[in-house]
Ligand code: HEC
Ligand code: HEC
C-alpha cells in the first residue's frame, strides 16, 4: 500500500470536523441542482477524497475538465429526453442511491427490455482507461455515447437520430455553443458526459482511514482480520489490487459456465482465446451498496460471493489460474465480509439530479 501524503491526511481532518456523511467540500456548482443553462466557466478542480490517488486520474488532453462542461454532462446524464421514447436516462440504470448501479440483476432499458449484464458501478471511472465489463470502450468518451444507440437502452437507431432530436431543444443548442463553440455533436455529448462522470468519486471509506490514515478505530477488529485475509489467505488482492481495488485486467472466474448461455466477455472484443469468458476486475468500493454481484448479477449477498471464491469459482477450460480453493473457515469468511463492508465511502453523494432541464 502507498504511503499517505500529508495533504491527504489534512483532508481527513476536515472531513472529521464536517462529520460523516457530510458533502465533500467542492467548488463545483453541481451540488445544489443549479439552474439549467447557467453558464459557469473555468477549470473544474477534482476534489479527490482521501484514499484515492489523484495522480492516476485519466483526463485526455483534448477534453480538460471545466465547470460548464461538467454541468452540461450532468444535465445530459439525467435527461430522459435523450432516449427514443423519453423514458430512459443514464441515471435510470446508474442511480445515486445504489452508488450509481441499479440494484437489479440485469438492467432494464426502454420498454422494460432486459440486457444480459448487470450495471457496474459508474463512479471512480476517472481512474480507468477501458470501460464496460469487457473493456470494449477504450475511453470514457467512447463509453459515454454507447448506450444512446443501444436498442435496449436509450433505443435510438443511431447517434444522428439522437442529435437531430436534441437540436430541437434550443437550450441545448445554446449550451453546446457556450461550452464547445459549436453546434451539438455526438463528440461533444461524449466529452461532456465523460467529464461529468469523472467527477463521480468514492473514497474516504473507513478502510482508507484505517489502512492509509492510521486510524486504528476506523474499522472493527473482525474487519481488520478480514483485511489481512483479503491480502493473504483469500488472495483477493491478486486481482482487486491498488487504491481502487482493481488491476484493470480481465479474468475468467467461471461466471456463467454453469449455465447453458455463457457470455464470452473480453474474447468478443479481442478474439484472443486467452480472453474467453474473461471480464474486467471491478472496483470493490461501495460493494455493500451495489448488490447484486458479478456481470450477470447472480449473487445477492457478499456471503455468496465469498463462498464462490472459497470453492474456486466455476471450473472451466479457460478459468484464470489465480483462482484456487481457499479453505476459509466460517469465521474467516465472516471476517472477510466484515472487511468488504468497510469499503463504503463518500464523494458520489454530492451528485444531485438537476432540478430543471434546458428547454
Ligand atoms: C438500460 C440500463 C442502462 C442505461 C440506460 C445506461 N447504462 Fe451504463 N451500463 C449498464 C449496463 C448493463 C452496463 C454493463 C454493460 C457491459 O459492460 O457490457 C453499463 C456500463 C456502464 C459503464 C461502465 C462501467 C465500468 O466499470 O466499466 C459506465 C461508465 C456507464 N455504464 C455509464 C452510462 C452512461 C454515461 C449512460 C448514459 C449515456 C448509461 N450508462 C446508460 C446499464 C445502463
Ligand atoms: C483472478 C482475479 C480475481 C480474484 C483472485 C478475485 N477476484 Fe473478485 N472479481 C474478479 C473479476 C474478474 C470479477 C468480475 C467477474 C465476472 O462478473 O465475470 C470479480 C467480481 C467480484 C465481486 C463482484 C463485484 C461487482 O461489482 O459485481 C466481488 C464482491 C469480488 N469480486 C470480491 C472478491 C473477493 C472478496 C476476493 C477474494 C476472496 C476476490 N474477489 C478475488 C477478479 C478476481
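The values are calculated or read from the model by the stated rules, or taken from the named source; none is laboratory data. The model shown is predicted, which means the values in this text are computed figures rather than measured ones. In this analysis, Cβ positions are derived from the backbone assuming ideal geometry, glycine residues included, and neighbour counts consider all displayed protein chains.
From the list 24, 18, 46, pick out the single residue that is at pLDDT 80 or above and farther than 26 Å from residue 292 by Cα.
Details: 24 fails: at pLDDT 80 or above; 18 fails: at pLDDT 80 or above.
Going through 24, 18, 46 in turn, the sole match is 46.
Going residue by residue through the stretch 312-327, is there one that turns out to be touching a helix residue (DSSP H, G or I) at 6+ places or on another chain (Cβ under 6 Å) and either free of Cβ contacts under 8 Å to residues at least 40 places away in the same chain or within 23 Å of residue 289 (Cα to Cα) (or both)?
Narrowing the stretch 312-327 to residues touching a helix residue (DSSP H, G or I) at 6+ places or on another chain (Cβ under 6 Å): 322, 326.
Imposing the further condition that a residue be either free of Cβ contacts under 8 Å to residues at least 40 places away in the same chain or within 23 Å of residue 289 (Cα to Cα) (or both) reduces the set to none.
Among the residues of the stretch 312-327, not one is touching a helix residue (DSSP H, G or I) at 6+ places or on another chain (Cβ under 6 Å) and either free of Cβ contacts under 8 Å to residues at least 40 places away in the same chain or within 23 Å of residue 289 (Cα to Cα) (or both), which makes the answer no.
Scanning the stretch 120-163 for residues that are buried (at least 20 other Cβ atoms within 10 Å of the Cβ) and more than 8 Å from ligand 1 (Cβ to nearest atom) turns up 123, 124, 126, 127, 141, 155, 156, 162.
Does any residue of the stretch 181-200 turn out to be touching a strand residue (DSSP E or B) at 6+ places or on another chain (Cβ under 8 Å) and not in a loop (DSSP other than H, G, I, E, B)? Can you show your working first?
Kept after step one, since they are touching a strand residue (DSSP E or B) at 6+ places or on another chain (Cβ under 8 Å), are these residues of the stretch 181-200: 195, 200.
Still in the running and not in a loop (DSSP other than H, G, I, E, B): 195.
Looking through the stretch 181-200, at least one residue is touching a strand residue (DSSP E or B) at 6+ places or on another chain (Cβ under 8 Å) and not in a loop (DSSP other than H, G, I, E, B).
Take residue 302 and decide whether it is touching a helix residue (DSSP H, G or I) at 6+ places or on another chain (Cβ under 6 Å) and buried (at least 20 other Cβ atoms within 10 Å of the Cβ).
Values: touching a helix residue (DSSP H, G or I) at 6+ places or on another chain (Cβ under 6 Å): yes; buried (at least 20 other Cβ atoms within 10 Å of the Cβ): yes.
So residue 302 passes the test.
Anything in the stretch 241-295 that is surrounded by fewer than 18 Cβ atoms within 10 Å (Cβ to Cβ), within 11 Å of ligand 2 (Cβ to nearest atom) and under 20 Å from residue 227 (Cβ atoms)? List them, or say none. Residues satisfying the conditions are 241, 247, 288. Taking the criterion of being more than 17 Å from the chain's Cα centre (by Cα), assigned to a helix (DSSP H, G or I) and either crowded, with 17+ Cβ neighbours inside 10 Å or not assigned by TED's automatic domain parsing to the domain that holds residue 45 (or both), the residues of the stretch 58-80 that qualify are 67, 68, 69, 71, 72, 75, 76.
Against the test of being more than 24 Å from the chain's Cα centre (by Cα) and either modelled with pLDDT under 95 or crowded, with 20+ Cβ neighbours inside 10 Å (or both), the options 335, 310 yield a single qualifying residue, 335. The residue of the stretch 292-327 that is nearest to residue 134 (Cα to Cα), among those that are within 15 Å of ligand 1 (Cβ to nearest atom) and in a loop (DSSP other than H, G, I, E, B), is 295. Quick one: which of 119, 130 is within 19 Å of residue 295 (Cβ to Cβ), within 16 Å of ligand 2 (Cβ to nearest atom), touching a helix residue (DSSP H, G or I) at 6+ places or on another chain (Cβ under 6 Å) and touching a residue at least 24 places away in the same chain (Cβ under 8 Å)? Residue meeting the stated conditions: 119. Applying the set (1) within 16 Å of residue 146 (Cα to Cα); (2) at pLDDT 95 or above; (3) surrounded by fewer than 22 Cβ atoms within 10 Å (Cβ to Cβ) to residue 92 leaves exactly one unmet item: (2).
Scanning the stretch 208-240 for residues that are within 26 Å of residue 308 (Cβ to Cβ), more than 16 Å from ligand 2 (Cβ to nearest atom) and surrounded by fewer than 16 Cβ atoms within 10 Å (Cβ to Cβ) gives a single hit, 221. Restrict the check to the stretch 90-102 and report whether at least one residue is touching a strand residue (DSSP E or B) at 6+ places or on another chain (Cβ under 9 Å), within 16 Å of ligand 2 (Cβ to nearest atom), at negative phi and without any contact (Cβ under 8 Å) to a residue 24 or more places away in the chain. Yes, some residue in the stretch 90-102 is touching a strand residue (DSSP E or B) at 6+ places or on another chain (Cβ under 9 Å), within 16 Å of ligand 2 (Cβ to nearest atom), at negative phi and without any contact (Cβ under 8 Å) to a residue 24 or more places away in the chain.
Would you pick out the residues in the stretch 133-154 that are part of a loop (DSSP other than H, G, I, E, B), under 12 Å from residue 58 (Cβ atoms) and touching a residue at least 24 places away in the same chain (Cβ under 8 Å)?
Our first condition is that a residue be part of a loop (DSSP other than H, G, I, E, B); within the stretch 133-154, this holds for 133-136, 138-139, 150-154.
This time we only want the ones that are under 12 Å from residue 58 (Cβ atoms), so: 138-139.
Matches in the stretch 133-154: 139 only.
Looking at 259, 246, which is the one that is at pLDDT below 95, farther than 30 Å from residue 168 by Cβ and part of a loop (DSSP other than H, G, I, E, B)? Sole residue among the options that is at pLDDT below 95, farther than 30 Å from residue 168 by Cβ and part of a loop (DSSP other than H, G, I, E, B): 259.
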